[in-house]
Every structure is written in structure tokens, then in C-alpha cells.
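The values are calculated or read from the model by the stated rules, or taken from the named source; none is laboratory data. This is a predicted model, so every value here is computed, not measured. Note that we place each Cβ from the backbone using ideal geometry, even for glycine, and neighbour counts take in every protein chain shown. Remember, those area values only see protein heavy atoms, side chains included, never the ligands or the DNA or RNA. Shrake-Rupley method; radii C 1.70, N 1.55, O 1.52, S 1.80 Å.
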Amino acid sequence: MKRIVVGVTGASGILYAKRLLEALKHAEAEVFLVISDTARTVAKLEGVDLSGYPVHYEENLDLEAGIASGSFQFDAMVIVPCSMKSLAQIANGYSTTLIARAADVCLKERRPLILVPRETPYSRVHLINMLAAHDAGALILPASPPLYTQPKTLDELADMIAARILDHIGIEHTIGTRWK
């Protein structure tokens, strides 16, 4: 069973996190979920509820949580959506939250870290931070779903990003549409 850390930060696109959690609910995975305060605010604005999932809910200010330590074994971390503030913290090793610290653990322990930025357009600073995070070992997976699948609902659109995330953390799934 894989152990996956999911961080949700304060960018628009909380639906991407919800669809990932839905998919992980049906996978053989133990999930640790950390939601920033700003993400909670955005979730309310977007009408997305992230409660009630079979996960370990961790507090973002609890830097003593297990996932804050390199000795705590987990397989991968995904930050979806990833705010530019969180990206900047991760790219610069500034770990004042559990999300940033767990991401720092991924980088130092060479574990997969997937950052899903949801911002447009990107400024030069955003791009520099993305490059720094990439060079440190993170995978930058922008929330840019393909339209060739002709999604009928927002859930179908978000599933394409969730599917790509699952592919990169090695979790089998049947969501989304693959290129034929």
C-alpha cells in the first residue's frame, strides 16, 4: 500500500484536489491530507468540500506531524493546487508550514514531489521558482487539462489532471481518457 501526502494550498482549483482524493479513495493508498487556511477559504468560495474522506487529516501548522520528518516513510507528495506562495517556499527551502516542510522532506529524501500550479499568467518570479523547484527534484504539472477529450462536466475536466498525477505517483486508475 502506497502512502501519499496531499497538500492543498490557497489557489483556485480545489476541484483538482477533490477529484484526486476521489480517485485515491478507490486505490490502495494511505493518504495524509494537509489543507492550508487559505485553501479552506477558496474551497468555500468554489463550493468544494474536502471533508469526510478516508484520510489522515493533518494541521498545516503542526510541524511535529510525522510527515514533517525524513524518517517517516511515505512514497510521494502532491500539492494540488499549488499556490505561488507555497511554490516560493518550496523553491527556496522556507518551511514555515507542514505543507512546505513535507515538500522539503520529499526533496531532501529524493521522493516524488508533484506541484500543480494553478495561476495564469506566470510572472518571471513564478517561472524562476518553478525552475528552482524542478532543479531540486520536483515535477511541475500545471493544471492545464486537455480539451481533445471533449469533457462534458468540470469533474471530467479535473479528472484529466488527477489522472496525470496518479500516473506520476504510480497508482493504477481508470479515470480520464488516454490518447489512442
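Data overview
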item	result
Lone unmet requirement of (1) within 22 Å of MET1 (Cα to Cα); (2) touching a helix residue (DSSP H, G or I) at 6+ places or on another chain (Cβ under 9 Å); (3) open to solvent by 30 Å² or more (accessible area, probe 1.4 Å) for TYR57	(2)
Hits in the stretch 168-180 - residues which are surrounded by fewer than 19 Cβ atoms within 10 Å (Cβ to Cβ) and at positive phi	GLY170
Residues (surrounded by fewer than 19 Cβ atoms within 10 Å (Cβ to Cβ) and either of a type in the set (Asp, Glu) or assigned to a helix (DSSP H, G or I) (or both)) located in the stretch 21-40	GLU22, LYS25, GLU28, GLU30, ASP37, THR38, ARG40
Residue count for the stretch 41-54, restricted to those that are open to solvent by 30 Å² or more (accessible area, probe 1.4 Å), closer than 22 Å to ALA11 by Cα and not small (Gly, Ala, Ser)	5
Tally, over the stretch 91-133, of residues that are closer than 20 Å to GLU59 by Cβ, open to solvent by 60 Å² or more (accessible area, probe 1.4 Å) and not basic (Lys, Arg)	2
Residues located in the stretch 141-155, provided they are over 18 Å from the mean Cα position of the chain (by Cα) and either of a type in the set (S, T, N, Q) or open to solvent by less than 100 Å² (accessible area, probe 1.4 Å) (or both)	PRO146, THR149, GLN150, PRO151, THR153
Residue in the stretch 2-15 that is surrounded by fewer than 20 Cβ atoms within 10 Å (Cβ to Cβ) and either aliphatic (A, V, I, L, M) or touching a Leu at 6+ places or on another chain (Cβ under 7 Å) (or both) present	no
Every residue from the stretch 156-167 that is open to solvent by 50 Å² or more (accessible area, probe 1.4 Å) and either in contact (Cβ under 8 Å) with a residue 60 or more places away in the chain or over 19 Å from ILE4 (Cα atoms) (or both)	GLU156
Residues within the stretch 120-138 that are over 17 Å from SER83 (Cβ atoms) and in contact with a Leu (Cβ under 8 Å, 6 or more places away or on another chain), tallied	2
Single condition LYS180 does not satisfy, out of (1) charged (D, E, K, R); (2) touching a strand residue (DSSP E or B) at 6+ places or on another chain (Cβ under 9 Å); (3) more than 18 Å from LEU33 (Cβ to Cβ)	(2)
Answer from ALA68, ALA88, ALA76, ALA136 - the residue that is surrounded by 15 or more Cβ atoms within 10 Å (Cβ to Cβ) and touching a residue at least 60 places away in the same chain (Cβ under 8 Å)	ALA76
